[in-house]
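What follows draws every value from the coordinates through simple rules; no lab data is involved. None of the values given here were measured: they were computed from a predicted structure. As a convention, Cβ positions derive from the backbone with ideal geometry for all residues, glycine included, and neighbour counts pool all protein chains shown.
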Amino acid sequence: MPHDFSGRTALVTGATSGIGRATAVALAERGAAVVVHGRDPRRAAETVALIEEKGGTARFEAADLADPAEVTRLAARAGSVDVLVNNAGIFRFASTADTDQATFGAHLDVNLRAPFLLVQALAPAMVARGRGAVVNLSSGAAATPGFGTGVYGASKAALESLTRVWAAEFGPAGVRVNAVAAGPTRTEGTAVHGEAFEAAAQSVALRRLADADEIAEAVVFLASDAAGYVNGATLSAMGGLPALG
Ligand SMILES: NC(=O)c1ccc[n+]([C@@H]2O[C@H](COP(=O)([O-])OP(=O)(O)OC[C@H]3O[C@@H](n4cnc5c(N)ncnc54)[C@H](OP(=O)(O)O)[C@@H]3O)[C@@H](O)[C@H]2O)c1
């Protein structure tokens, strides 16, 4: 079974919401023991309950990914991990003039430094075992300019760059590293943008927003043995570009 994760442990960051929760549930349904990461214990308990209702195995590990010491502690508490999904991310959109230094720093801390520290801590054991998969959550904003998405898109473009570097660094040991560039997706995080976000569907060929489950399936594919020869790729799950004119 190419999508069978039995006997494997997966750490999914930001699994208390949206795409991360859908990914945690999808991996657990396929047999993975899932380490559910986030900050909010109530939302974490909901994810764990969802997984356990379906007969899966999950446990919660809390960490604020803006704090490098907490990231390192999360890696230690997660233990031996076969699949790492760097999903947790923040998106606070503002024009360049309106982006203060704290917002700039927060994007790099959570969206870039935390994945870096987790890969730094967890990939060596994958290399030693000769097996493992990392999937990073990116965005169309990494490559396409958008009003207010500058720092967010830059953090994701850097994460895509690291994806290619890590694929080259760990690939010789059988550890694959890929990314999913998600299009506009209905999640708790995007719900706060209301109708403005719904309008993003018009910038997509499919003319609709994605469901978190659809992005999760792309993540699961890249993490699975079915993607055994896919390494260093950024898979576009963006619903396609609309025709111009
Ligand atoms: N939704 C979209 O349209 C879209 C499109 C492209 C890419 N993406 C990317 O996909 C990923 C998930 O997006 P989403 O829409 O599902 O997000 P979301 O609903 O806002 O959830 C964000 C998750 O990240 C966690 N998180 C945020 N800041 C954190 C911090 N400092 N420390 C620890 N955890 C933190 C949250 O955990 P707690 O609340 O428990 O702290 C939550 O679980 C992000 O990387 C995002 O950039 C999303």
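Annotation: extensible slack from Arg59 through Glu217 equals 54.8 nm (criterion: 0.36 nm per residue apart, minus Cα-Cα distance).
For region 9-237, DSSP calls about 0 percent of its internal beta bridges antiparallel. Spacing of the modelled spin labels on Thr144 and Leu241, each 7 Å from Cα toward Cβ, amounts to 0.8 nm.
By how many nm would the segment from Arg131 to Asp40 lengthen if fully extended, with 0.36 nm per residue of separation less the alpha-carbon distance? Kindly include the intermediate steps, with their values, before the conclusion.
Values: separation 91, 0.36 × 91 = 32.76 nm, distance 3.12 nm.
Working it through step by step, the gained length comes to 29.6 nm.
Given only helices, namely DSSP H runs of n ≥ 4 each adding -39500 (n - 2.57), what is the per-residue ellipticity at 222 nm of the chain, to the nearest 500 deg cm²/dmol? Write down the numbers at each step before the final one.
Numbers: 9 runs with 102 residues, N = 245.
When only DSSP H runs of four or more count, the value is -12500 deg cm²/dmol.
Over all Cα atoms in the chain, the spread is summed up by Rg and Dmax: 17.0, 53 Å. Sorting Ser6, Ser224, Ser138 from the fewest to the most surrounding beta carbons within 10 angstrom yields Ser6, Ser224, Ser138. Evaluated with a Cβ-only charge set (Lys, Arg +1; Asp, Glu -1), region 5-100 carries a dipole of roughly 280 debye about its Cα centre, given to the nearest 20.
Can you give the FRET efficiency for Ala66 and Arg207, using 1/(1 + (r/R0)^6), R0 = 30 Å, r = Cβ-Cβ distance, to the nearest 0.05? All intermediate terms of the calculation are to be shown ahead of the outcome.
Values: r = 36 Å, r/R0 = 1.20.
So the FRET efficiency works out to roughly 0.25.
Below 13 angstrom from the Cβ of Ala102, what's the summed charge of the other residues (Lys, Arg +1; Asp, Glu -1)?
-2
In the neighborhood of His37, defined by Cβ-to-Cβ distances under 12 Å, what is the net charge if each Lys or Arg adds +1 and each Asp or Glu adds -1? Charge balance in the 12 Å sphere: +2.
If Lys and Arg each add +1 and Asp and Glu each add -1, what is the summed charge of the other residues whose beta carbon sits under 10 Å from the beta carbon of Thr16? Working shown, then result.
On the way: positive: Arg21, Arg39, Arg42, Arg43; negative: Asp40, Glu46, Glu188.
Within the 10 Å Cβ shell, the charges total +1.
For Thr234, the residues whose amide H sits under 5 Å from its own are Ala179, ignoring neighbours fewer than 5 places away on the same chain, with H placed 1.01 Å from N.
Give the distance, in whole Å, between the Cα centre of region 19-55 and the Cα centre of region 136-175. Cα centroid to Cα centroid, the span is 25 Å. Computed from label points 7 Å out along Cα-Cβ, the spacing between Ala76 and Glu52 is 2.7 nm.
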